[in-house]
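The values are calculated or read from the model by the stated rules, or taken from the named source; none is laboratory data. Quick caveat, the model's predicted, so the values are computed rather than measured. Cβ sites come from the backbone with ideal geometry, for glycine too, and all protein chains shown count toward neighbours.
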Amino acid sequence: MKQILSVIILLYISLVGHAQEIDQIIDAKEVERIERILAADDMQGRRTFTPGIDKAAAFIAAEFKKNGLQTMKGNKGYFQQITMVKAKVKDLKAIVDGDTLNENTIAISTTAAKLNITSTKGYQVITIKKDENFLEVVPGIAESGKSSIVLVDKVHADKFKRLKNFVSRTKFQSPVNIVFILTDKTPVSYNIRLTNELSIQKLKNVVGILPGRSRKNEYVIFSGHYDHLGVVRPNKDKDSIYNGANDDAAGTTAVIMLSKYFKALKNNERSLVFVAFTAEEIGGFGSQYFSRQLPPSTIMAMFNIEMIGTESKWGTNSAFITGFEKSDFGKILQQNLSGSKFRFEPDPYPDQNLFYRSDNATLAKLGVPAHTISTSKMDSEKYYHTLDDEIETLDMNNMAEVIKAIAISATSIISGKDTPSRVKE
Ligand SMILES: [Zn+2]
């Protein structure tokens, strides 16, 4: 009896200790300190390719360091550097089977400064026939990761012109080339010489790790994007800065706070990865790059956090999970929260396709239970993508509660007790 009682007392003390610890570490004041710095005017709206976003990256890295996170192998400190390339055609001479091609009959997607093709060696040859939906096939070819020569039937001549946009887009630096040729034949001789003018653009994610105690090679990711929309011409109130306090300084703040909390807890069996993504607003380049650095099978779950600074449609102490029905991630989180004051609900805005609109999407497409947690009222969030998305419009106390809820909801996944099912298309 006595023994049982002391066990109960011990259990009680450890639970209370636990509760106090989380309240002390994730408190509204600290949340506000971080949020205020990230959403400050001197970050200039954290637009990609500007000094403002570099300043934000340096701040996040300093917080990760302070919180005792390790760096990820292959990265430069906490920075995961990404090289993007925009190629502009300077000179192109293309003769295929004796026919001279022009911009209406050849388009080349490459990040090389010079390209010289005299045969199909090193290329897969793909034929797009009359009855195929040409533009629908293109993304699959681009994602195949193989250099390709794509022979497009002349019936698609009109759509072929649209490839100009595709090939001139900014892309990840890559050894893969894709050559589109408008033709009715299967050519036998190639003589293609291309010279490009390249503009190189650098991006960086900020990444920190807490290695797991026993399951080091099983990763759980906590992420949010730290870029936003920059500076525009002043409006009538003389404001010109997209502070992005909710979108997504809030998620980034959560990532920093969670890293501090889990470091203090020191009990994660799985490895925890904390990521602040760049370039979400301009196409999700940061998360796309990150998703290729770890084998998807080693990623057990991703908690992506977007816009948690306002009350959800259900009021305080609640949030929603996108793609709820696509894995049992959401159910596990709900179980871990049962008995608490928090509610995590399925995304109430399924028409908006949010599951595929945020940084969880790339990993989710690879089968990872990668979901976004948000409180944003997507049908009526007043300051979404406006100059007025400022810290004064956020509720710091509720935001701290949501971050705590995320921490608690992750408990059984971090300990290795639960593993969410994989996402199926
Ligand atoms: Zn946004």
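Quick notes
- Selection status of L363, crowded, with 18+ Cβ neighbours inside 10 Å, within 14 Å of the ligand (Cβ to nearest atom), under 16 Å from S327 (Cβ atoms) and of a type in the set (A, V, I, L, M, F, W, C): no
- Here the strands (runs of 3 or more DSSP E) wholly within the range 212-324 that include at least 1 residues being more than 16 Å from the ligand (Cβ to nearest atom) and in contact with a His (Cβ under 8 Å, 6 or more places away or on another chain) are 299-305, 318-321.
- Of the listed requirements (1) surrounded by fewer than 20 Cβ atoms within 10 Å (Cβ to Cβ); (2) touching a residue at least 12 places away in the same chain (Cβ under 8 Å), K417 misses just one: (2).
- Total residues in the range 139-152, condition under 17 Å from P187 (Cα atoms) and modelled with pLDDT under 95: 0
- Candidate set: the range 298-319, residues that are in contact (Cβ under 8 Å) with a residue 40 or more places away in the chain and of a type in the set (G, A, S); chosen: the one surrounded by the most Cβ atoms within 10 Å (Cβ to Cβ): G309
- Options Y242, Y349: the member that is more than 14 Å from the chain's Cα centre (by Cα), at negative phi, surrounded by 24 or more Cβ atoms within 10 Å (Cβ to Cβ) and not polar (S, T, N, Q): Y242
- Among residues of the range 373-385, those that are under 18 Å from V402 (Cα atoms) and either in contact with a Gly (Cβ under 8 Å, 6 or more places away or on another chain) or away from the ligand (no atom under 12 Å from the Cβ) (or both), counted: 3
Matching residues to (1) at positive phi; (2) among the aliphatic types (A, V, I, L, M); (3) part of a strand (DSSP E or B); (4) surrounded by fewer than 19 Cβ atoms within 10 Å (Cβ to Cβ):
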residue: F166; (1), (2), (3), (4): no, no, no, yes
residue: V188; (1), (2), (3), (4): no, yes, no, yes
residue: T195; (1), (2), (3), (4): no, no, yes, yes
residue: Q201; (1), (2), (3), (4): no, no, yes, yes
residue: K204; (1), (2), (3), (4): no, no, yes, no
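- L333 vs. criteria out of contact with any Phe, Trp or Tyr (no Cβ under 7 Å at 6 or more places or on another chain) and away from the ligand (no atom under 16 Å from the Cβ): no
- Filtering the range 221-280 to residues that are closer than 20 Å to I414 by Cβ and charged (D, E, K, R) leaves K260, K263, K266, E269, R270.
- The range 26-37 residues that are closer than 18 Å to A264 by Cα, paired with ones that are basic (K, R) (beta carbon under 7 Å, 6 or more apart): I26/K404
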